[in-house]
Amino acid sequence: MNDQNVLEELDQILAKSARFREGRVLGSMCSEPDPIVLEVFRRSYDLNAGDPGLSQGLVELENDAIRMMGEFWRWPQASGKIVSGGTEANILALWSFREGRRSPQQTQVLVSKSRHFSIDKATKLLGLDLVLIDCNENGQVDLDQLQNSISKRTLAVVAVAGSTSLGLVDELRALGRIAFEHGLFCHVDASFGGFVIPFLEEAGFAAVDFGLDLEGISSVCLDPHKMGRAPIPAGCLLWKDAQDLERLEFSVPYLSGGQTRLSTLLGTRPGFTVAAVWAVLKKLGKSGYVELVRRSLSLTHWFSEQVSKRRHLRLVRQPVLNVVGLAHRKLNPQELAYFLRREGGWALSVWPEFLRVVLMPHVDRTHLEDFLAFVERHLEKE
Ligand SMILES: Cc1ncc(COP(=O)(O)O)c(C=O)c1O
């Protein structure tokens, strides 16, 4: 086939996909990347970050990107890696803890019931045991229950900083301190909140206590492909202590670029992602992310208020980050989601008790007004 025919067929098939810019995808934690990404792709699409000896440039870009993300998380000297997303980052964090444990008896990972399922995946893969802790009335991990669950079998605590369901954030300082006092590792899963939490205060919203500098916090992951405006997929894992990363290193002798040490789960990995994460960070900088968070959080508060005013809708909880949970007073979430998708093309995320709207950069007020008008037309009858 010639290029034109291939592309025509591709367009036809891709037309079956919902696109962020159409304004109907309200439940995703991904978004349309910054347009600079297209140019970066043209310049770097043939690079393999898994063979660093061939591309010193990528090594430089990755180190610089890690430093910038480390600055956001108050630890510019962080060691880290750009990875494929939150799942890989969570697996790597727990893997390194397992390699660093004092005794093989330490198999337990304590985390709140609001954790993302990648933590379940990671513990299963690594032969570790998940210990689930209840949430308190604020949706944060219950610290008393967590402390009472610590034993000589405990290896690590995972804090959730932006829960997948409602964007709620555990008490990071207190969790770090508990981990420190008991000699445990503490990983912060800020896959979602990692590009929101550092900018809340400057954007004019209630601050959340955070930082890789907090006592007892060992690592944090944040996903550039969520609120970072980077291409999909792009994750990042930051370590406070370089030793934790070094435990994951394999010495690889045979690569064309020469002998090297690799520490990610993937071998061959996209150099384009590294270049694009760097480019977006350079372009937006801290002030760009503050602006993005100001916009998303303003929209979140406006939307929450609108939901609260609707007769048949219920706001599940006052948002902390840019995530809104809403429920219909009559339809269950499954029915509601199905109806919205089938009749209006609205794609929301479904949870047992509510639907989730994530106020990502591609969502604007006109999309939300359309959505509310649709709900009013179809679901507020009688
Ligand atoms: C809190 C949290 N952790 C981890 C992940 C997994 O991230 P990914 O899908 O990039 O692997 C998600 C995804 O939504 C998440 O919300």
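Here are the numbers for this structure:
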| quantity | calculated |
| --- | --- |
| Meets criteria (outside any helix (DSSP H, G or I), within 25 Å of M227 (Cβ to Cβ) and of a type outside the set (V, I, T)) for P104 | no |
| Among the residues listed as V141, V109, the single one being in contact with a Ser or Thr (Cβ under 6 Å, 6 or more places away or on another chain), without any contact (Cβ under 8 Å) to a residue 40 or more places away in the chain and within 15 Å of the ligand (Cβ to nearest atom) | V141 |
| Residue within region 174-190 that is crowded, with 19+ Cβ neighbours inside 10 Å and among the basic types (K, R) present | no |
| Those residues of region 186-213 which are of a type in the set (A, V, I, L, M) and more than 13 Å from L172 (Cα to Cα), in sequence order | V196, L200, A203, A206 |
| N5 within 16 Å of the ligand (Cβ to nearest atom) and either at pLDDT 95 or above or of a type in the set (G, A, S) (or both) | no |
| Test for A373: is it free of Cβ contacts under 8 Å to residues at least 24 places away in the same chain, surrounded by 19 or more Cβ atoms within 10 Å (Cβ to Cβ) and either outside the structural domain of N63 (by TED's automatic domain parsing) or more than 27 Å from V160 (Cα to Cα) (or both) | no |
| Qualifying position, being more than 27 Å from L38 (Cα to Cα), touching a residue at least 12 places away in the same chain (Cβ under 8 Å) and under 18 Å from the mean Cα position of the chain (by Cα), among P319, P352 | P319 |
| Qualifying position, being assigned to a strand (DSSP E or B) and under 23 Å from R74 (Cβ atoms), among A174, A156, A230 | A156 |
| T123 being within 15 Å of the ligand (Cβ to nearest atom), of a type outside the set (F, W, Y), farther than 16 Å from F210 by Cα and crowded, with 18+ Cβ neighbours inside 10 Å | yes |
| Top-ranked residue of region 187-238 - restricted to ones that are of a type in the set (V, I, T) and in contact (Cβ under 8 Å) with a residue 40 or more places away in the chain, ranked as nearest to the ligand (Cβ to nearest atom) | I232 |
| Members of region 191-208 found to be out of contact with any strand residue (DSSP E or B) (no Cβ under 9 Å at 6 or more places or on another chain) and either outside the structural domain of S165 (by TED's automatic domain parsing) or assigned to a loop (DSSP other than H, G, I, E, B) (or both), listed by number | G204, F205, A206, A207 |
| Answer residue from region 16-48, given it is among the small types (G, A, S) and touching a residue at least 24 places away in the same chain (Cβ under 8 Å) and is nearest to A234 (Cα to Cα) among those | S31 |
| Subset of region 150-186 (residues that are touching a Pro at 6+ places or on another chain (Cβ under 8 Å) and either at positive phi or away from the ligand (no atom under 15 Å from the Cβ) (or both)) | G167 |
| Residue within region 63-85 that is touching a residue at least 24 places away in the same chain (Cβ under 8 Å), farther than 23 Å from G194 by Cα and within 16 Å of the ligand (Cβ to nearest atom) present | no |
| R317 out of contact with any helix residue (DSSP H, G or I) (no Cβ under 8 Å at 6 or more places or on another chain), basic (K, R) and within 23 Å of G139 (Cα to Cα) | yes |
| Residue, surrounded by the fewest Cβ atoms within 10 Å (Cβ to Cβ), within region 1-59, restricted to residues that are charged (D, E, K, R) and in contact with a Pro (Cβ under 9 Å, 6 or more places away or on another chain) | E32 |
| Evaluation of Q145 against (1) touching a helix residue (DSSP H, G or I) at 6+ places or on another chain (Cβ under 9 Å); (2) within 23 Å of S118 (Cα to Cα) (one fails), failing number | (1) |
| Residue match in region 155-164 (condition: over 19 Å from L184 (Cα atoms), of a type in the set (G, A, S) and within 16 Å of the chain's Cα centre (by Cα)) | yes |
| Set L299, L255: member being away from the ligand (no atom under 16 Å from the Cβ), more than 13 Å from V83 (Cβ to Cβ), touching a residue at least 12 places away in the same chain (Cβ under 8 Å) and not assigned by TED's automatic domain parsing to the domain that holds P52 | L299 |
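The values are calculated or read from the model by the stated rules, or taken from the named source; none is laboratory data. Because the structure is predicted, anything quoted here is derived from the model rather than measured. All Cβ positions, even for glycine, are placed from backbone atoms using ideal geometry, and neighbour counts span all protein chains on display.
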